[in-house]
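Values quoted throughout were computed directly from the atomic coordinates according to the rules given, and no laboratory measurement underlies them. Predicted model, so just to flag it, every value in this text is computed and none were measured. Here the Cβ positions follow ideal geometry from the backbone for every residue, glycine too, while neighbour counts run over all protein chains shown.
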């Protein structure tokens with residue numbers, strides 16, 4: 001026994017194909033017009049973007065701690081720890097770029113943030129030859145002192 005469902009006429013031009021044929025949609029079927037599907041998809045993506053933008057761990061919300069010179073320190077501080085980072089780079093020491101040195105400072109600041117430090121003092125970056133077996137390589141190492149203001 002066939003069901004006699006009432007029909008709804010869709011006024012959207014994009015309903016000529018798909019589950020809705022000829023602009024007529026049966027009441028018993030679940031389908032949206034292409035235009036409405038697109039709007040729903042965009043709305044869901046915007047909602048997900050807004051919700052994920054607000055989700056954060058909050059641990060590094062201050063950003064990475066700055067590097068201070070001795071002259072910049074006017075407040076009393078306590079030493080939190082000694083930081084040391086290193087990595088091997090391919091090429092001779094003369095071939096290192098400023099990005100390699102930036103990596104060293106960024107790695108020191110990242111380690112200081114893990115220790116919940118307020119800043120870094122006395123940074124030193126050193127480069128030395130590691131090996132020359134097949135390709136020349138250099139080791140870049142950096143050390144500094146992490147501090148926390150009282």
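Details
- Taken over the C-alpha atoms, the range 106-150 has Rg and Dmax values of 14.5, 51 angstrom.
- Rg followed by Dmax, in Å, when the range 67-149 is reduced to its Cα trace: 14.7, 51
- When peptides 101-110, 134-143, 71-80 are sorted by average Cβ neighbour count within 10 Å, with the highest value leading, the order is 101-110, 134-143, 71-80.
- Scoring 83-95, 111-123 by mean Cβ neighbours within 10 Å over their residues and listing the highest first yields 111-123, 83-95.
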